[in-house]
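Only one structure is covered here, and it is reproduced in the block below.
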Amino acid sequence: MAIRRFLHLALLASLVLAPLPGAAAGGGRALERLKARYARPAGVPFPADNPFTPEKAALGERLFHEPLLSQNGSFACATCHDPGQGFADGQALGRGVPGELLPRHTPTLWNLAWAPALFWDGRAASLEEQAKGPIQNPKEMAQPLAEGVRKLAAREDYRAAFARAFPASPVVDETRLLLALATYERTLVSPVTRFDRWITGDANALDAAEIRGFLLFNGKAGCANCHEGWAFTDHGFHDIGLPGGDRGRGAVIGLDVADHAFKTPSLRELGRTAPYMHDGRFATLDEVLDHYTGGIVERPSLSPDLRRIALTPDERRDLLAFLGTLTAKTQEPAPLVVAVPADASREEVVATGTVRQKDKRFAPGHIRIAAGERLTVVNDDSRTHNVRVSDPRLAFDSGAQDPGQSIALSFAEPGRYQLFCGIHPAMRLTVEVESAGSQ
Ligand code: HEC
Ligand code: HEC
């Protein structure tokens, strides 16, 4: 294990450092390639079964601020997810209706339209499913959802707002309440900052120290191993060596290898969301860097993507300067652009019985296979994966699939299936299973 991790780190170091000498000079193709990885997406994806409408988002926003959803009428979602504090609450651990401390820190709600799993441990698969949690949790809003729905349905203004949001079936009910809340939450896209202007070509939007910090983030400091892309998250679960007994993702998927692993948070609007981490243990970004440069608790579940790094005082200043560019002056969400759904019929579908997992991606990502035929998934990645199917026709869990290991499964019934990784749920594989005679 230790040797494998060392080899892995050496490999990563060479991969990441290779393009940087050119980049450090402040220009060149390597820097352009790196910047391209941070381009903001063209639009916000909304699921086919809960498409965006302005009326639904408006209802969702109103519900988000509605204390009637709590048992004593004093707590709304916005009480803890305060729009003025980056949709967090400024506390290490939140407190709900009964006033007891919650076990985890209130996270920001920016950029969750792209999140494949919700909560620090990913126990909810969609925003629609997630919102039920805090409303009914006896330590949060402490009221059965049905009771909140009853209070809303008694009001003429809410009946009218639900009718505008759901004209085809104007009912005030639990399902529609959750659909509206989720629609509003998907509109919370973090504002454009100087960093984005630099990425899109304004060379003067960042100063030299901030650019050095960006290169460190992607190079020697290894932050981008996990905080990758425009939202600065791989949506994966990692143990970064914080002390404490919370098993996090490990308890949800029942795997020791994911113990103490929590969701990689977005680093957008970081300047407003202190304190940091799932338990709110760090008050400042300086303390966060102290952790990454010397506070890591050694244990078997540590993420293979984590590096033990050292930073000079100058490098630390540069890295903090760069992180500062991810917070906007405004607290208004970015103007909403709804993404046009990808045309699935134009996507390439490969007929194959073998799929690989290098670099946290299933390749190919969309395949065709006959019913009953064997699908082999080869872990040629440097990380442990956990292949899962959660479908009424097939429930599959590979357990811990270590680097070098292959797993196999087959599909008895024709149709479309989704495979995902329990540790890196942004990894998705779509499988079209055809009836055995049709190939
Ligand atoms: C009492 C404070 C409190 C209230 C009220 C509250 N939340 Fe939360 N919220 C939290 C905490 C704490 C977590 C993290 C819990 C965990 O991960 O185990 C959380 C997590 C979330 C997440 C997951 C974010 C992520 O990055 O995965 C979403 C989404 C969310 N809340 C939305 C809501 C909505 C919608 C409401 C109202 C219906 C609401 N919350 C009410 C404290 C609160
Ligand atoms: C192995 C993956 C990984 C690497 C590498 C990594 N992080 Fe993180 N980061 C995480 C995870 C996971 C969390 C949440 C951990 C928790 O709460 O238990 C986190 C939390 C944070 C937070 C707190 C955010 C918040 O909202 O609470 C900051 C800031 C941060 N990381 C910055 C960095 C910087 C800077 C680097 C490079 C020096 C870095 N990270 C390297 C995975 C990583």
Residue selected from the range 374-387 under the condition of a type outside the set (G, A, S) and touching a helix residue (DSSP H, G or I) at 6+ places or on another chain (Cβ under 8 Å), by the criterion surrounded by the fewest Cβ atoms within 10 Å (Cβ to Cβ): D380
task: Go through the range 93-125 and give me each residue that's away from ligand 2 (no atom under 16 Å from the Cβ), assigned to a loop (DSSP other than H, G, I, E, B) and crowded, with 17+ Cβ neighbours inside 10 Å.
output: G96, V97
message: Out of everything in the range 235-254 that is in contact with a strand residue (DSSP E or B) (Cβ under 9 Å, 6 or more places away or on another chain) and part of a loop (DSSP other than H, G, I, E, B), what residue ends up being farthest from ligand 2 (Cβ to nearest atom)?
response: G254
- prompt: Going through the range 326-354 one residue at a time, which ones are touching a His at 6+ places or on another chain (Cβ under 9 Å), surrounded by 12 or more Cβ atoms within 10 Å (Cβ to Cβ) and part of a loop (DSSP other than H, G, I, E, B)?
  reply: V349
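Yes or no, residue by residue, for (1) touching a helix residue (DSSP H, G or I) at 6+ places or on another chain (Cβ under 9 Å); (2) at pLDDT 95 or above; (3) in the same structural domain as S382 (by TED's automatic domain parsing); (4) open to solvent by 30 Å² or more (accessible area, probe 1.4 Å):
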residue: G280; (1), (2), (3), (4): no, yes, no, no
residue: A283; (1), (2), (3), (4): no, yes, no, yes
residue: R299; (1), (2), (3), (4): no, yes, no, yes
residue: S303; (1), (2), (3), (4): yes, yes, no, no
residue: R308; (1), (2), (3), (4): yes, no, no, yes
- prompt: What's the number of the condition A258 fails, among (1) within 19 Å of the chain's Cα centre (by Cα); (2) closer than 13 Å to G241 by Cα; (3) within 8 Å of ligand 2 (Cβ to nearest atom); (4) not hydroxyl-bearing (S, T, Y)?
  reply: (3)
field: Failed item in (1) polar (S, T, N, Q); (2) near ligand 1 (Cβ under 7 Å from one of its atoms); (3) open to solvent by less than 10 Å² (accessible area, probe 1.4 Å), with N50 passing the rest
entry: (2)
- request: Being within 16 Å of ligand 1 (Cβ to nearest atom), open to solvent by 50 Å² or more (accessible area, probe 1.4 Å) and not in a helix (DSSP H, G or I) is the filter here, so list the residues in the range 141-164 that pass it.
  value: P144
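Of the residues P167, P138, only one is under 16 Å from A57 (Cβ atoms), in a loop (DSSP other than H, G, I, E, B) and not aliphatic (A, V, I, L, M); which? Steps first, answer last, please.
Numbers: P138 fails: under 16 Å from A57 (Cβ atoms).
Step by step, each of P167, P138 is checked, and only P167 is under 16 Å from A57 (Cβ atoms), in a loop (DSSP other than H, G, I, E, B) and not aliphatic (A, V, I, L, M).
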- request: From (1) in a loop (DSSP other than H, G, I, E, B); (2) open to solvent by less than 50 Å² (accessible area, probe 1.4 Å), pick out the condition that doesn't hold for I369.
  value: (1)
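Answer yes if at least one residue in the range 190-204 is within 10 Å of ligand 2 (Cβ to nearest atom) and hydroxyl-bearing (S, T, Y), and no otherwise. Quick ask: steps written out before the conclusion?
Quick first cut of the range 190-204, residues within 10 Å of ligand 2 (Cβ to nearest atom) only: none.
No, the range 190-204 has no match at all.
Right, L323: outside any loop (DSSP other than H, G, I, E, B), open to solvent by less than 20 Å² (accessible area, probe 1.4 Å) and near ligand 2 (Cβ under 8 Å from one of its atoms) or not? Spell out the reasoning first.
Details: outside any loop (DSSP other than H, G, I, E, B): yes; open to solvent by less than 20 Å² (accessible area, probe 1.4 Å): yes; near ligand 2 (Cβ under 8 Å from one of its atoms): yes.
Answer is yes for this residue.
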- prompt: Is it fair to say G73 is within 16 Å of ligand 2 (Cβ to nearest atom), farther than 30 Å from G254 by Cα and assigned to a loop (DSSP other than H, G, I, E, B)?
  reply: no
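The values are calculated or read from the model by the stated rules, or taken from the named source; none is laboratory data. Not measured: the values here are computed from a predicted model. Methodologically, a virtual Cβ is constructed for each residue, glycine included, from the backbone with ideal geometry; neighbour enumeration extends over all protein chains shown. Accessible surface areas use protein heavy atoms only, side chains included; no ligands, DNA or RNA. Shrake-Rupley method; radii C 1.70, N 1.55, O 1.52, S 1.80 Å.
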